[in-house]
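Q: Got a structure here, written out as structure tokens. Questions coming.
Bear in mind that the values in this text are calculations on the coordinates, not laboratory data. The structure presented is a predicted model; accordingly, all values stated were derived computationally and were not measured. Every residue, glycine among them, receives a Cβ derived from its backbone with ideal geometry; neighbour counts consider all protein chains shown.
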């Protein structure tokens, strides 16, 4: 994976979702499959969390679902990322978003433990 991908992952893990979006979008626009859809999946999860921070629960829910669905296409270690762990985290978040009443969005955003994209250990 190119250095820009790891920059985007670092931005994601630091909660800099808008910056992550910009970084990964630049890669996504130039990429070919299978990386293109992989970048898009992570990018959509980041934008979902950005929407939640702005209390846009509908946008957060839609993009979390779309991002998760794109990531499901990949092996558990695609791109040196622990895809299974990321999918488990996004599934939990999606269920939480779907069950949250609209009047509790600000509370959810304040309490959210965002996912962490984990890099697989290379030997």
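Q: In units of 2.2 N^0.38 Å, what is the alpha-carbon radius of gyration of segment 46-110?
A: 1.15
Q: Below 8 Å between Cα atoms, with a sequence gap of 6+, how large is the relative contact order for segment 3-111 in percent?
A: Taking the mean separation of contacting Cα pairs over the length of segment 3-111, I get 20 percent.
Q: To the nearest 10 degrees, how steep is helix 57-71 against the longest Cα principal axis of the chain, on a 0 to 90 scale?
A: 30 degrees
Q: Relative to the longest principal Cα axis of the chain, at what angle does helix 35-53 sit, 0 to 90 degrees, rounded to 10?
A: Once rounded, the angle reads 20 degrees.
Q: Dividing the alpha-carbon Rg of segment 11-82 by 2.2 N^0.38 Å yields what?
A: Here the Cα radius of gyration is 1.06 times the empirical estimate.
Q: Right, here's the next one. Helix 17-30 versus the longest principal axis of the chain: what is the Cα-based angle in degrees, 0 to 90, to the nearest 10?
A: The angle comes out at about 40 degrees.
Q: Give me the three principal axis extents of the chain from the C-alpha atoms, as integers in angstrom, largest value leading.
A: So the three principal-axis extents are 44, 24, 22 Å.
Q: Please find, in a Gaussian network model of the chain (springs between Cα atoms separated by less than 10 Å), the residue of 74, 17, 50 whose mean-square fluctuation is greatest.
A: 74
Q: Order of 43, 24, 94 from fewest to most other C-beta atoms within 10 Å?
A: 94, 43, 24
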